[in-house]
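Derivation of every value follows stated rules applied to the coordinates shown; laboratory data play no part. Being a predicted model, the structure only gives us computed values, none of them experimental. All Cβ positions, even for glycine, are placed from backbone atoms using ideal geometry, and neighbour counts span all protein chains on display.
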Amino acid sequence: MKHPSKPFMSVVLTALLAPTLSAALVVNVDFSRDTSISGQNPGGNPAPTLYSGTGPATDAGTSWNDFQVQLSTTGQTVAAGQSFSGINGGNTLIASDGVTDSGFNVALTSGFFRAFNGGTSGGTGDLLGDRVFSNGNNNAIFTLSGLNSTKTYDLYLIQGNYDVTFISGANSVVATGSSSATFESGVNFGLLSGLTPDASGNLSVTIDPTPDNQFGVIAGLQIVEVPEPSAAVLLGLASLAGLTRRRRS
């Protein structure tokens, strides 16, 4: 009996894994300033521009959640604890397909000071130009909630033209900053991989302005829920392993 060749098994393995890889849930967030609240804003107080396009994560979705950060009318400072759902009628974040409700939420936990809109520049500039940031060289923290505590997540943290360190638990990554029109890992975004939420489905990230010591900045965020192999894929892999053993015997 003729046994399956190595190329054949490679094709089968690829076919089994492809559906799983394409099933990843991706959620995009674009931070900007809510200009309905009057006050001084650098750049002439332009209206926020919601980005529409792909981000650094491997995903074809182009839908982004519009988190327009609210500032106080007196000091034009960010109110601690405000969340996406809190300022959007209780709605949680929509996935990058523009349809699926992820059930996720993001809150500005502490340390954020002001927000800034860069105006309409087109392309990735619409994402990198708007941002929320800490006061001077102080840390800022945001928290994701509604995550699945049994799964892991990759976070693409987009920050633009500043030098910051993103920290979650024992994981950290530096993004040195760039106004480049393309996404560059370790430059205008940082990637924290394989993060696990706590038992309540929460995950916090600290934005540390070191080593530049200017501002703890974030302009955008991509949350990728790492998919697990389905039962069908696991069964297929077991069958493939069986074929391999038979071929060797």
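Quick notes on this one:
- Residues ILE87, ILE94 in ascending order of nearby Cβ atoms (within 10 Å, fewest first): ILE87, ILE94.
- Computed 3J(HN,Hα) for the stretch 202-211, one whole-Hz value per residue from the Karplus formula 6.51 cos²θ - 1.76 cosθ + 1.60 where θ = phi - 60°, is 9, 8, 10, 10, 9, 9, 9, x, 6, x, glycine and proline marked x.
- Database remark: amide H of PHE104 closer than 5 angstrom to the amide H of LEU93 (H placed geometrically; neighbours at sequence offset of 5 or more, or on other chains; Pro and chain starts carry no H).
- Rough spin-label spacing in nm, given labels placed 7 Å along Cα→Cβ, for VAL99 and VAL226: 2.8 nm
- Those residues of the stretch 134-154 whose amide nitrogen sits under 16 Å from the label point placed on GLN76, 7 Å along Cα→Cβ: 134-136
- Trypsin sites (Lys or Arg not before Pro) lying in DSSP loop within the stretch 82-155, provided at most 15 other Cβ fall within 10 Å: LYS151
- Amide H contacts of LEU25 (H built 1.01 Å from N, under 5 Å, at least 5 apart or other chain): GLU225
- For the stretch 85-96, Karplus couplings with θ = phi - 60° (6.51, -1.76, 1.60), whole Hz, Gly/Pro x: 5, x, 9, 10, x, x, 6, 8, 6, 8, 5, 5
- Taking Cβ atoms as reference points and 10 Å as the exclusive limit, the residues near THR165 contribute a net charge of -3, counting Lys and Arg as +1 and Asp and Glu as -1.
- Each residue of the stretch 182-189 was assigned a 3J(HN,Hα) from its phi angle through the Karplus curve 6.51 cos²θ - 1.76 cosθ + 1.60 (θ = phi - 60°); the sequence is 10, 7, 10, 4, x, 10, 9, 8 Hz, with glycine and proline shown as x.
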